[in-house]
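Scroll down for the structure; my scribbles are underneath it.
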Amino acid sequence: MTTDIDQELQGAKLRVEELRAQISYHDYRYHVLDQPEISDGEYDELMRELRALEERHAQLIVPDSPTQRVGGEPVAAFGIVEHPAPLLSLANAFNEEELLAWHKRAASLAGTDQFAMVCEPKIDGLAVALEYREGQFAVGSTRGDGSRGENITQNLRTIRSIPQRVSNAGIPQRFEVRGEVFMTKAGFERMNEQRADRGEPLFANPRNSAAGAVRQLDPRITAERPLDCFIYALGWAEGGSVPPSHHETLDWLSKLGFQTNADAERYKSVRKVWQHCQRWAEKRDTLDYEIDGIVVKIDDLALHERLGVVGREPRWAIAFKFPPTQRTTKLLDIRVNVGRTGSINPFAVLEPVNIGGVVVKMATLHNEDDIKRKGVRIGDTVIVQRAGDVIPQVVGPVVSKRTGKEKQFRPKRVCPSCKTKLVRQEGEAMRYCPNRTTCPAQTLGLLTHFVSRGAMDIDGVGEQLADALLQAQLVADPAGLYTLTKDQLLTLDRMAEKSAQNVLDAIDASRQRPLDRLLFGLGIRHVGSETAALLAQHFGDMESLASASVDELAAVPSIGPIVAESVHGYFQRKESRGLILKLRRGGVRMDADATAERAGPLSGQTFVISGTLAAFSRPEAEALIRSLGGATGSSVTKATDFLVTGERPGSKLAKAQRYGTALLTDEEFMALLREHGAV
Ligand code: IVH
């Protein structure tokens with residue numbers, strides 16, 4: 001005969017097993033494949049349910065329960081590193097009550113509530129352990145399953161904020177620091193912009209791209225990615241003394257040359273800690289990197305020893321998790337809009353969902369390949385992510401929630417705006433509407449882009465006025481702005497004398513914008529603001545650029561063949577030449593800004609880079625030189641002042657030696673940049 005208690009236990013056992021299977025599956029997707037299928041919030045929910053059941057039925061706890069260990073299998077392609085002290089995880093608190101409960105428990109075990117705590121941002125990146133021997137960076141590894149990680153030393157060496165050596169007498173002979181590798185939002189966006197320029201697939205978010213970059217088998221690829229690292233703890237140390245508290249450890253690490261987080265704060269009461277967590281939940285978006293919570297750590301390290309660890313979670317720390325930025329919702333439809341270059345941009349129409357206080361109804365899907373790669377279907381339950389002011393994105397489908405009624409997205413064959421048959425060029429991810437002259441959506445997109453801040457910056461002319469001008473047929477293309485009269489403007493609805501004059505003044509001021517702004521404003525495919533600046537700097541005026549051959553364009557440093565073809569193709573077209581002529585007649589300036597070259601400590605000096613640099617890609621290094629006022633060249637000439645030599649410098653080195661050009665090693669170059677505050 002079975003009792004009620006037996007039955008309850010039986011039910012709990014089944015559910016516990018089910019939860020463990022699900023968690024280990026999602027651990028694998030997240031830690032090994034970097035392809036999560038559910039949101040962090042849903043994962044936390046599974047863990048909470050499992051933990052609650054295990055708490056109620058202690059006999060169900062087994063050593064390999066996910067609550068007892070850290071998830072994830074290292075991939076086999078890297079060497080394995082055994083962690084001498086395990087890399088732990090953190091328990092979560094989602095509200096004030098849970099934070100207070102954690103504090104109360106710690107206080108009761110410690111026998112006092114008079115202990116200080118340090119609050120730091122919880123960086124949403126990838127945990128790493130860095131071992132230093134005799135002050136030299138020796139081995140770097142991922143967390144892996146907490147006891148064994150992957151050896152990613154070569155990749156970590158490419159990260160600028162990780163010191164290769166720390167020089168300070170009296171430090172332990174061997175020690176390990178722990179921290180988080182991440183990508184800044186700006187770096188991530190820049191990288192995606194460049195990838196889009198080159199027609200390469202885009203990364204979904206900074207965390208995924210940082211994770212992908214550190215686990216690249218080729219460290220040169222890692223080096224091109226804008227990675228960064230904060231160090232937040234000392235793992236272990238041998239042969240030397242270490243500070244007695246966490247905040248002193250952070251100071252100590254920072255003095256040694258590690259990048260620690262400047263937003264760490266120490267408090268003596270849990271009330272202050274809670275206020276800190278609330279403040280940061282509000283201002284998390286002001287940081288240039290993504291954080292998903294605040295880590296609260298007891299300051300006194302002797303207390304860490306006393307409080308100990310349960311399973312994989314220390315009792316001396318907790319992570320306050322912000323409300324999730326990822327949620328799941330229904331994908332109702334996939335529609336497209338037409339971009340300014342005629343690109344057909346799919347977007348998701350969603351069942352409205354509140355993500356971190358903002359109701360999201362639409363999200364970007366980038367392009368057809370992106371839809372294919374993510375495998376989303378109309379009707380799917382999808383994970384949607386929102387971060388800061390970036391457009392919400394569809395991360396992927398929750399395959400387990402499929403009913404079989406979902407439908408594949410069928411790419412459009414004709415332009416939704418002008419019904420012209422769409423084209424898709426070989427090797428391109430996007431379909432395009434080829435009707436560049438009379439497609440209403442493209443004309444509006446181009447005009448709106450032309451007047452925007454990064455382009456010609458015509459204050460007072462936004463999308464609405466651009467639309468009104470097109471509708472009223474006062475303007476048919478960007479050049480039309482330069483022949484507008486006040487009388488014409490006054491015929492528009494709600495346009496008063498004063499605002500008409502303001503618009504005319506703003507248009508007039510835009511005539512003086514330098515060439516790069518105009519080029520960017522023309523909306524040439526693959527020409528973002530950075531590419532526009534490179535072209536303007538290299539060619540100096542519109543005529544030289546317009547008459548350049550594909551080879552001449554491709555010879556410009558950082559300009560690849562796809563961009564060269566696109567620019568050349570643009571200037572070959574009759575309608576483009578007509579537009580440029582009209583702009584010229586409208587009094588728009590067509591040369592680069594000679595005085596715009598920044599003066600700086602390297603002004604008047606020309607640098608050429610050869611070989612592979614440890615910390616930067618070539619375009620990055622060149623941009624840094626230019627930011628200090630220096631000039632850059634692609635080949636060594638008599639005018640070259642310095643040749644920076646990376647690994648495998650090639651024939652440029654021989655040439656530099658012939659000319660007697662000064663040589664800078666990778667490290668000397670780094671020291672120079674550091675000296676002038678560029679890194
Ligand atoms: S302390 C027990 N401090 O969060 C100590 N971790 O769930 C655990 N993380 O993968 C680490 N920022 O990599 C700590 N300021 C910070 C952190 C941080 C991010 C990550 C850590 C680990 C996860 C813990």
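Scan the range 435-468 for residues that are farther than 18 Å from Leu579 by Cβ, over 29 Å from the mean Cα position of the chain (by Cα) and in contact (Cβ under 8 Å) with a residue 24 or more places away in the chain and jot them down. Within the range 435-468, Asp459, Gly460, Leu465, Ala468 qualify. Check whether at least one residue in the range 254-263 is at pLDDT 95 or above, among the aliphatic types (A, V, I, L, M) and touching a strand residue (DSSP E or B) at 6+ places or on another chain (Cβ under 9 Å), and report yes or no. Within the range 254-263, not a single residue is at pLDDT 95 or above, among the aliphatic types (A, V, I, L, M) and touching a strand residue (DSSP E or B) at 6+ places or on another chain (Cβ under 9 Å). Across the range 144-193, the qualifying residues are those that are β-branched (Val, Ile, Thr) and more than 30 Å from Arg312 (Cα to Cα), and the one among them that is surrounded by the fewest Cβ atoms within 10 Å (Cβ to Cβ) is Val166. Scan the range 115-129 for residues that are more than 16 Å from the ligand (Cβ to nearest atom) and closer than 17 Å to Leu90 by Cβ and the total you get is 0.
Within the range 426-434, identify whether any single residue is in contact (Cβ under 8 Å) with a residue 24 or more places away in the chain and charged (D, E, K, R), and answer yes or no. Yes, the range 426-434 has at least one match.
Residues that are in contact (Cβ under 8 Å) with a residue 40 or more places away in the chain and within 22 Å of Ala555 (Cβ to Cβ) number at least 1 in the following strands (runs of 3 or more DSSP E) confined to the range 598-679: 606-610, 631-633.
Thr112 satisfies every condition listed in (1) of a type outside the set (Asp, Glu); (2) within 13 Å of the ligand (Cβ to nearest atom); (3) modelled with pLDDT of 95 or more except (2).
The set of residues in the range 362-401 that are under 28 Å from Lys283 (Cβ atoms), among the polar types (S, T, N, Q) and surrounded by fewer than 21 Cβ atoms within 10 Å (Cβ to Cβ) contains only Thr364. Kindly state which helices (runs of 4 or more DSSP H) lie completely within the range 166-243 and contain at least 3 residues that are within 16 Å of the ligand (Cβ to nearest atom). Output list reads 206-214. Cβ-Cβ contacts under 6 Å between residues 6 or more apart (or on different chains), taken from a first residue in the range 189-204 that is within 24 Å of Arg386 (Cβ to Cβ) to a second residue that is charged (D, E, K, R), are listed as Leu202/Arg195. Here the helices (runs of 4 or more DSSP H) wholly within the range 407-497 that include at least 3 residues being of a type outside the set (Val, Ile, Thr) and crowded, with 17+ Cβ neighbours inside 10 Å are 440-450, 463-471. Residues that are on the phi > 0 side of the Ramachandran plot and among the acidic types (Asp, Glu) within the range 488-526 are absent altogether. Looking only at the range 401-418, which residues are among the basic types (Lys, Arg) and within 30 Å of Asn435 (Cβ to Cβ)? Answer for the range 401-418, where residues must be among the basic types (Lys, Arg) and within 30 Å of Asn435 (Cβ to Cβ): Lys407, Arg410, Lys412, Arg413. Scanning the range 83-101 for residues that are crowded, with 17+ Cβ neighbours inside 10 Å and more than 13 Å from the ligand (Cβ to nearest atom) returns Phe94, Leu99.
Counting only strands (runs of 3 or more DSSP E) wholly contained in the range 290-361, the ones carrying 1 or more residues that are among the hydroxyl-bearing types (Ser, Thr, Tyr) and more than 16 Å from the ligand (Cβ to nearest atom) occupy 326-338. Scanning the range 341-351 turns up at least one residue that is more than 30 Å from Ser566 (Cα to Cα), surrounded by fewer than 17 Cβ atoms within 10 Å (Cβ to Cβ) and without any contact (Cβ under 8 Å) to a residue 40 or more places away in the chain.
Please verify whether Glu530 is surrounded by fewer than 18 Cβ atoms within 10 Å (Cβ to Cβ) and touching a residue at least 24 places away in the same chain (Cβ under 8 Å), treating the condition exactly as stated. Here the answer is yes, as Glu530 does meet what is asked.
Candidates are the residues of the range 251-289 that are among the small types (Gly, Ala, Ser) and not in a loop (DSSP other than H, G, I, E, B); the one that is farthest from Ala93 (Cα to Cα) is Ser254. Considering the range 246-288, and only residues there that are aliphatic (A, V, I, L, M) and surrounded by 15 or more Cβ atoms within 10 Å (Cβ to Cβ), the residue that is nearest to Asn205 (Cα to Cα) turns out to be Leu287. Within the range 225-246, identify whether any single residue is basic (Lys, Arg) and at pLDDT 90 or above, and answer yes or no. No, the range 225-246 has no match at all. Annotation note: of Ala196, Ala237, Ala211, the sole residue that is crowded, with 19+ Cβ neighbours inside 10 Å and either touching a Pro at 6+ places or on another chain (Cβ under 9 Å) or closer than 27 Å to Asp285 by Cα (or both) is Ala211.
The values are calculated or read from the model by the stated rules, or taken from the named source; none is laboratory data. The structure displayed is predicted, hence computed values, not measured ones. When we count neighbours, we look across all protein chains shown, and the Cβ atoms used for this are built from the backbone with ideal geometry, even at glycine.
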